[in-house]
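Student: Here you go, one structure.
The values are calculated or read from the model by the stated rules, or taken from the named source; none is laboratory data. Given the structure is predicted, the values throughout are model-derived calculations rather than measurements. Here Cβ is always computed from backbone atoms with ideal geometry, including for glycine, and neighbour counts include all displayed protein chains.
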Amino acid sequence: MSISGSETQVSYLEYQGKHKGIWSWLLSTDHKRIGLLYLYAIIIFFFVAAFLGLLMRIELIAPGRTIMEPQTYNGLFTIHGIIMIFVIVIPGLAAVFGNFFLPILIGARDVAFPKLNLFSWYLYMIGAILGVLSQFIGGGAPDTGWTFYVPYSVESSTNVIYALTAAFILGFSSILTGLNFIVTIHRMRAPGMGWMRMPLFPWALYATAWIQVLATPIVGITLLMVIAERVLNIGFFDPALGGDPVLFQHLFWIYSHPAVYIMILPAMGIVTEIFPTFSQKPVFGYGAIVLSSLAIAFVGYFVWGHHMFTSGMSYNARWFFSFLTFIVAVPSAIKVFNWISTMYGGSIDLKPPLLYAISFIFLFMIGGFTGLVLGSLATNVQTHDTAFVMAHFHYIIFGGMGFAFFAAIHYWAPKMFGRMYNFRLAYIAWGFNFIGFNMLYFPLFIVGLQGMPRRAYDYLPQFQSGHVLSTIGSFILFAGLLLMVYNLIRGARKGAVAPANPWKGVTLEWKIPSPPPHENFDDLPEITSKPYLFGNISDNK
Amino acid sequence: MSVHNTHSEHIDSETGKLGMWIFLFTELFLFGGLFLVYAVFRAKYSAEFHLAAGELNAFIGTMNTVFLLFSSMTVAMSLTAIQKGDRKLALFLVFVTILLAGLFMVNKYFEWSHKFEYGIYPGSEVLKNMSHGELLFFGLYYMMTGLHALHVLVGMVLLSINVVKIRSGSVNSDHYLMLENSALYWHLVDLIWIFLFPLLYLIT
């Protein structure tokens, strides 16, 4: 691979285009600046939603009323869910790190449609702000949960329409980002970069983008139908008018289960970048990782029914969905074996990014196995709609996607900002996050198995010890998150200047200066070999 | 400042078309959700769907189908004209396309307002006294044709932008991506109508 560092260009952070000051960010079509715009927005909204979560945990520390009324609690878990899912986790990795690093990793100067990319960010902001506003204006915070199940979402007198519209707009933004990435990957790979020479994060984004494009419209039209039902009284989902509420659940999960793979596939792609770098060893089973990404995206379309085992489906439909749920676990497991085999025999360097990536595997495995408990027909009846589901879900989404996000930011922050963060603080913050996380969610598996329902404001005294542990965990986790963000912000502003390649990585982003120049590359790189070749290791072919 | 300024000044035509095709897939899935709901309720209430479809005016529906089919032809011809460098002809054909789309909308307006006169609109008293199947049929009718009409309007705006661009010469025999993509979009609007027409008007 040719090295194409730049001495002639200024970094993207200093570059002055047509617009000055704040407008040079808000009107920038540079994929790197747009990536940072997403990053800042996501950090702000994340702390809003995490704070709401913390309030919920305080309420649940004891049975009965602690700090808020039941209706407030219903609003909190709804807005917490809507912000976390639609504003943070679904766009999350793809919008921040996909935008920033996809073009660089495939050796391009930008995405295929830079203006559309900026437009997606504006749509995203409109949707996100509308979602937060729905908490405060008019008829009160929506109280349907982020799933908007009918018939309640049609009857509730709260701001459900705002929340539905917000989710619709955010979905549209997600579609446009996915479309942009697919075209970018098809059309803009550097000369010589065949499909099987592409790094694995772009591969994961490619699989993700297809799900974004092909599944999101279904939830879009479904949300429109609920809006039509509320405004025009049409009755698609209202049994009193001949409609069918279970039909809504099908339509909702046709999107919202694949959406879980929109969240987790980029996370898998990111840790796949991290393991070879910190093992100084080529990734194990490149082809298997590519195929398993595509397999997850494909099979992930056909498992939505496992959310509805107790909603009334035929026996055949139930075993079919259960069977496919087990099938989709296979490619996920293949990836786990690949990551572990990549580390095997490598010269492992336990820097913060790798620590987060290994935690990702650990937490993702717990989330994955408990997912199989939920995917089996018999055990599902016991655990359905209990805190067990909620714990499983947070292990996958926060333990999986969240920790992968932390891994990614610790991996790429030196490249993005050109400065290093403090390692000691990063390790301490990791300790808080890891311990706090497990303490927060693991007890919920147990109280869930004992019968604690999810989304409940009150509970029987026998569940209290689990809830107390969980609330203590939430404080530890919140403290860890604050420390981590403080360390990263301080590092980005005042840290030691980062070299171009602090981790001895071999993918293209490490061959350009930190922070990257405005145009990424002076001359587009020529790709002559597969990725992840570490020159000093004997088992390179 | 860099000499390699490649940020977005020009999107090459293959890239632009690929983007448009993927966007069209998402549109198909958007309508796909409605078709799915239609299929479920048609299976459940097939006799009542037959009855309700009898209320629709198949003659107006047929007329609109003819308008859209012709407009698809004229927009395709305008693309060929611009490729051959015949600006005047291309402009004329785009105009005809917009005109046909306008006629479609006028028809739609009379069709809907006729229904409104009989009290057939979502949430009306007349509809509430009908059977569940008929009620859902009209719900779907308004939702599907409404969403489709919205797409016709968007298509008309796109084609109007093309008129301006052909006049100013920024759409010409070398650069006609904008017109090509608009034509692709217009064909999609047409294609969806081809499915809506028999499913709503011809199942009596």
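Student: Return the total of residues in region A:429-462 being in a helix (DSSP H, G or I), over 18 Å from A:Gly367 (Cβ atoms) and either at pLDDT below 95 or aliphatic (A, V, I, L, M) (or both).
Tutor: 3
Student: Further question: State all residues of region B:19-31 that are within 7 Å of chain A (Cβ to nearest Cβ) and more than 14 Å from the chain's Cα centre (by Cα); if no residue qualifies, say none.
Tutor: Here is the first cut: in region B:19-31, the ones within 7 Å of chain A (Cβ to nearest Cβ) are B:19, B:22-23, B:25-26, B:29-30.
B:Gly19, B:Ile22, B:Phe23, B:Phe25, B:Thr26, B:Phe29, listed by residue number.
Student: To continue, here is another question. For A:Tyr73, indicate whether it is of a type in the set (Phe, Trp, Tyr), more than 26 Å from A:Arg493 (Cα to Cα) and part of a helix (DSSP H, G or I).
Tutor: Yes; evaluated as a whole, the condition is true for this residue.
Student: In addition: Answer with yes or no whether A:Val373 is in a helix (DSSP H, G or I) and more than 24 Å from the chain's Cα centre (by Cα).
Tutor: no
Student: Among residues belonging to region A:121-157 that are outside any helix (DSSP H, G or I) and free of Cβ contacts under 8 Å to residues at least 24 places away in the same chain, point out the one that is nearest to A:Phe45 (Cα to Cα).
Tutor: Result: A:Phe136.
Student: Going by the conditions given, is A:Leu200 touching a helix residue (DSSP H, G or I) at 6+ places or on another chain (Cβ under 8 Å), more than 9 Å from chain B (Cβ to nearest Cβ) and in contact (Cβ under 8 Å) with a residue 60 or more places away in the chain?
Tutor: When the stated conditions are applied, A:Leu200 passes them.
Student: Quick test for you: out of A:Thr165, A:Thr184, pick the one residue that is within 14 Å of chain B (Cβ to nearest Cβ) and of a type outside the set (Phe, Trp, Tyr).
Tutor: When all the criteria are applied, what remains is A:Thr184.
Student: Condition (residue is farther than 23 Å from A:Ile129 by Cα and either in contact with a Phe, Trp or Tyr (Cβ under 8 Å, 6 or more places away or on another chain) or within 14 Å of another protein chain (Cβ to nearest Cβ) (or both)) applied to region A:75-93: is it met by at least one residue?
Tutor: Among the residues of region A:75-93, not one is farther than 23 Å from A:Ile129 by Cα and either in contact with a Phe, Trp or Tyr (Cβ under 8 Å, 6 or more places away or on another chain) or within 14 Å of another protein chain (Cβ to nearest Cβ) (or both), which makes the answer no.
Student: Would you mind stating whether B:Leu34 is surrounded by 15 or more Cβ atoms within 10 Å (Cβ to Cβ), more than 14 Å from chain A (Cβ to nearest Cβ) and not small (Gly, Ala, Ser)?
Tutor: Taking the combined requirement at face value, the residue does not satisfy it.
Student: Anything in region B:163-204 that is polar (S, T, N, Q) and either exposed (fewer than 15 other Cβ atoms within 10 Å of the Cβ) or over 19 Å from B:Glu27 (Cβ atoms) (or both)? List them, or say none.
Tutor: Correct list: B:Ser168, B:Ser170, B:Asn172, B:Ser173, B:Thr204.
Student: Please count how many residues of region B:37-58 are within 12 Å of chain A (Cβ to nearest Cβ) and in a loop (DSSP other than H, G, I, E, B).
Tutor: Matching residues across region B:37-58 total 1.
Student: While we're looking at this one, here's another question. Condition first: under 22 Å from A:Ile270 (Cα atoms), buried (at least 17 other Cβ atoms within 10 Å of the Cβ) and of a type outside the set (Gly, Ala, Ser). Can you find one or more residues in region A:369-376 that meet it?
Tutor: No, region A:369-376 contains no residue that is under 22 Å from A:Ile270 (Cα atoms), buried (at least 17 other Cβ atoms within 10 Å of the Cβ) and of a type outside the set (Gly, Ala, Ser).
Student: Would you mind finding the one in B:Leu200, B:Leu127, B:Leu159 that is within 14 Å of another protein chain (Cβ to nearest Cβ) and either hydrophobic (A, V, I, L, M, F, W, C) or more than 30 Å from A:Asn233 (Cα to Cα) (or both)?
Tutor: B:Leu127
Student: A:Ile182 - would you say it is under 20 Å from the mean Cα position of the chain (by Cα) and within 22 Å of B:Ile11 (Cβ to Cβ)? Full working, then the answer.
Tutor: Details: under 20 Å from the mean Cα position of the chain (by Cα): yes; within 22 Å of B:Ile11 (Cβ to Cβ): yes.
Yes; evaluated as a whole, the condition is true for this residue.
Student: Output the residue which, of all residues in region B:132-156 that are within 11 Å of chain A (Cβ to nearest Cβ) and in contact with a Gly (Cβ under 8 Å, 6 or more places away or on another chain), is surrounded by the most Cβ atoms within 10 Å (Cβ to Cβ).
Tutor: Of everything passing the filter in region B:132-156, B:Leu136 is surrounded by the most Cβ atoms within 10 Å (Cβ to Cβ).
Student: Any chance you could count how many residues in region A:509-532 are out of contact with any Pro (no Cβ under 6 Å at 6 or more places or on another chain), closer than 17 Å to A:Met198 by Cα and of a type outside the set (Phe, Trp, Tyr)?
Tutor: Here the count works out to 8.
Student: Here's a follow-up. Being within 13 Å of another protein chain (Cβ to nearest Cβ), surrounded by fewer than 18 Cβ atoms within 10 Å (Cβ to Cβ), more than 17 Å from A:Ile234 (Cα to Cα) and out of contact with any Leu (no Cβ under 7 Å at 6 or more places or on another chain) is the requirement here; does B:Leu69 meet it?
Tutor: So B:Leu69 fails the test.
Student: Among the residues of region A:191-206, which ones are assigned to a helix (DSSP H, G or I) and not small (Gly, Ala, Ser)?
Tutor: A:Trp195, A:Met196, A:Arg197, A:Leu200, A:Phe201, A:Pro202, A:Trp203, A:Leu205, A:Tyr206
Student: Identify all residues within region A:210-236 that are facing chain B (nearest Cβ under 9 Å) and aliphatic (A, V, I, L, M); write none if there are none.
Tutor: Correct list: A:Val213, A:Leu214, A:Ala215, A:Ile218, A:Val219, A:Ile221, A:Leu224, A:Met225, A:Ala228, A:Val231, A:Leu232, A:Ile234.
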